[in-house]
Amino acid sequence: AQSVAQPEDQVNVAEGNPLTVKCTYSVSGNPYLFWYVQYPNRGLQFLLKYITGDNLVKGSYGFEAEFNKSQTSFHLKKPSALVSDSALYFCAVREGDNAGNMLTFGGGTRLMVKP
Amino acid sequence: DAGITQSPRYKITETGRQVTLMCHQTWSHSYMFWYRQDLGHGLRLIYYSAAADITDKGEVPDGYVVSRSKTENFPLTLESATRSQTSVYFCASSDSPGLGGYTFGSGTRLTVV
């Protein structure tokens, strides 16, 4: 079975500082990995994905994520946080070899960026 | 979000009542999903549908019923609401779920009293 863990319920960072939101996964085959963001009273929005290729994936709003196969991680990063980045972030995974698999979402991490 | 609409946005109902949450998408996406979002549990899949007249259970289907007579609509019914079903419900659609191309609605906040 596929699963994803976000070990931090909340991450606090000062504006202008780099941020990292952690995600680890478990699948039996090749992973397809995703990050979504949820702003207050809104649905989730796609940020970026890793399917294959370069381990560093760039996405929307200046976010990037690094795929690390040996550590089974896909941490979300941004070099300089903005107050407007404050939101709930979800990591998701599916086993890449089976196109019929649905995504499994993590529990979410709330990012708080303080001025 | 443009193209996928959930209604109502907010609903308060009493224990034991039947309530239906509506979801409508305009893209003709083949896949549609219902999730519930609860503190400490993240997003959990209730039901999904791969096409009209095809539905399947997700992680937490008990107490819910779905139907999909038309591609664009995917209503979720709580047959006899319980307090444990108080949650925020999200509908999503996708033409390529395996590639992560989910589009989510804005959610319905349901309170069962």
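The values are calculated or read from the model by the stated rules, or taken from the named source; none is laboratory data. Treat the numbers as computed from the prediction; the structure is a model and nothing was measured. Every residue, glycine among them, receives a Cβ derived from its backbone with ideal geometry; neighbour counts consider all protein chains shown.
Summary table
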item	result
Verdict on residue B:6 being surrounded by fewer than 14 Cβ atoms within 10 Å (Cβ to Cβ) and touching a Leu at 6+ places or on another chain (Cβ under 8 Å)	no
Qualifying residue in region A:101-114 (condition: of a type in the set (A, V, I, L, M) and over 26 Å from residue B:91 (Cβ atoms))	yes
Candidates B:113, B:88, filtered to the one that is of a type in the set (A, V, I, L, M, F, W, C) and exposed (fewer than 14 other Cβ atoms within 10 Å of the Cβ)	B:113
Residue identified as free of Cβ contacts under 8 Å to residues at least 40 places away in the same chain and either among the β-branched types (Val, Ile, Thr) or more than 23 Å from residue A:33 (Cβ to Cβ) (or both) among B:106, B:80, B:28, B:84	B:84
All positions within region A:1-47 that are under 17 Å from residue A:71 (Cβ atoms) and free of Cβ contacts under 8 Å to residues at least 40 places away in the same chain	A:7
Complete set of residues in region B:29-55 that are facing chain A (nearest Cβ under 9 Å) and at positive phi	B:40, B:42
Residue within region A:78-86 that is surrounded by 20 or more Cβ atoms within 10 Å (Cβ to Cβ), assigned to a strand (DSSP E or B), among the charged types (D, E, K, R) and touching a Gly at 6+ places or on another chain (Cβ under 8 Å) present	yes
Meets criteria (surrounded by fewer than 20 Cβ atoms within 10 Å (Cβ to Cβ) and within 14 Å of another protein chain (Cβ to nearest Cβ)) for residue A:46	yes
Meets criteria (under 20 Å from residue B:8 (Cα atoms), of a type in the set (A, V, I, L, M), in a strand (DSSP E or B) and more than 8 Å from chain A (Cβ to nearest Cβ)) for residue B:110	yes
Selected residue [within 14 Å of chain B (Cβ to nearest Cβ), surrounded by fewer than 18 Cβ atoms within 10 Å (Cβ to Cβ) and either of a type in the set (Ser, Thr, Tyr) or closer than 28 Å to residue A:1 by Cβ (or both)] from A:52, A:72, A:104, A:109	A:52
Within region B:65-92, considering residues that are touching a Gly at 6+ places or on another chain (Cβ under 8 Å) and under 15 Å from residue B:47 (Cβ atoms), the one nearest to the other protein chains (Cβ to nearest Cβ)	B:90
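Let's see how each residue does on (1) modelled with pLDDT of 95 or more; (2) more than 22 Å from residue A:102 (Cα to Cα):
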| site | (1), (2) |
| --- | --- |
| A:11 | yes, yes |
| A:15 | yes, yes |
| A:19 | yes, yes |
| A:26 | no, no |
| A:32 | no, no |
| A:39 | no, yes |
| A:73 | yes, no |
| A:77 | yes, yes |
| A:87 | yes, yes |
